[in-house]
1. Through the Karplus equation 6.51 cos²θ - 1.76 cosθ + 1.60, θ set to phi - 60°, convert the phi angles of the stretch 23-30 into ³J(HN,Hα) values in whole Hz; use x for Gly and Pro.
2. Once the Cα gyration tensor of the stretch 1-76 is found, what semi-axes does its equivalent ellipsoid get, as square roots of 5 times the eigenvalues, in whole Å, sorted largest first?
3. Kindly report, to the nearest 10 Å², the accessible surface of H18 as traced by a 1.4 Å probe over protein heavy atoms only.
4. Using only DSSP helix segments of four residues or longer, with each worth -39500 (n - 2.57), what per-residue ellipticity at 222 nm results for the chain after dividing by its residue count and rounding to 500?
5. With all protein chains present, calculate the accessible area of T173 using a 1.4 Å probe and round the result to the nearest 10 Å².
6. Go through the stretch 164-230 and name the trypsin sites (Lys or Arg not before Pro) that are in a DSSP coil and have 16 or fewer other Cβ atoms within 10 Å of their Cβ.
7. Return the Cα extents of the stretch 49-153 along principal axes one, two and three, sorted largest first, each rounded to a whole Å.
8. Over the stretch 170-230, what relative contact order in percent results from Cα pairs under 8 Å that are six or more residues apart?
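The values are calculated or read from the model by the stated rules, or taken from the named source; none is laboratory data. The structure presented is a predicted model; accordingly, all values stated were derived computationally and were not measured. Cβ sites come from the backbone with ideal geometry, for glycine too, and all protein chains shown count toward neighbours. Surface accessibility is based on the protein's heavy atoms, side chains included, excluding ligands, DNA and RNA. Shrake-Rupley method; radii C 1.70, N 1.55, O 1.52, S 1.80 Å.
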Amino acid sequence: NILTGQVVGVECLIRWNHPERGIVMPRDFIGLAEENGMIVPIGEFVVAEACRQAIRWKQEGLPPFPVSVNLSLRQFLQPNLAGRISQILQETGMDPGRLELEITESATSDVQYAERVLQGLKQLGVQICIDDFGTGYSSLNYLRRFPISRLKIDRSFVRDVMTDQQDAQIVQTIIAMARHMNLKVIAEGVENEEQQRFLERHQCLEAQGYLYAKPMPAAAFAEWLASRKT
């Protein structure tokens, strides 16, 4: 929260700790996993591990903030997605209200399918976020039919918001639209205070990016969170 400085959520990211190559970034293996189908079991592992980690943090006394996980397009299109998420919630004991699933606009191109899947996920109690918003071709008429709770403004617009008038107008429009639709809105890729002040002026009160923290392991996050209170 850019007004209070309070941490209001966490996004889980995947890294491959290879025994010989060390840390392998997603750009080096996610594309291949999408092609060969491995992205589905990888995606399920990430959701389950995010839930388990959230429970560990709660047991350690950390605030019960929501945890966000990205769903790949292939994962979103798999049969019985809601059933798989339900099973993970039951197996881990995760509170559904603390799990937020992020999908891209491209996942909603088949509107009837997307609406059916999203309604199934919503019935579980999980939150739904449209990630990288503004880069796809969502119809606003269809968007209002989806049971989503949040829009995430793509970093490509936030990056040049102080120098590119068109990007600034796009960001303002997304913020205003989200407010009129009673949706939360968060800006990603915030790297400096000028960008933060712009967002605050236009009433986008949640942000994520390197201005606040870089990706870090779970244990380091707990230490980082504790340090913000001192």
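1. 6, 9, 7, x, 4, 8, 9, 5
2. Largest first, the stretch 1-76 gives 27, 15, 13 Å.
3. 40 Å²
4. Only helices count here, giving -13000 deg cm²/dmol.
5. 90 Å²
6. R228, K229
7. Extents along the principal axes: 43, 28, 20 Å.
8. Reported relative contact order: 30 percent.
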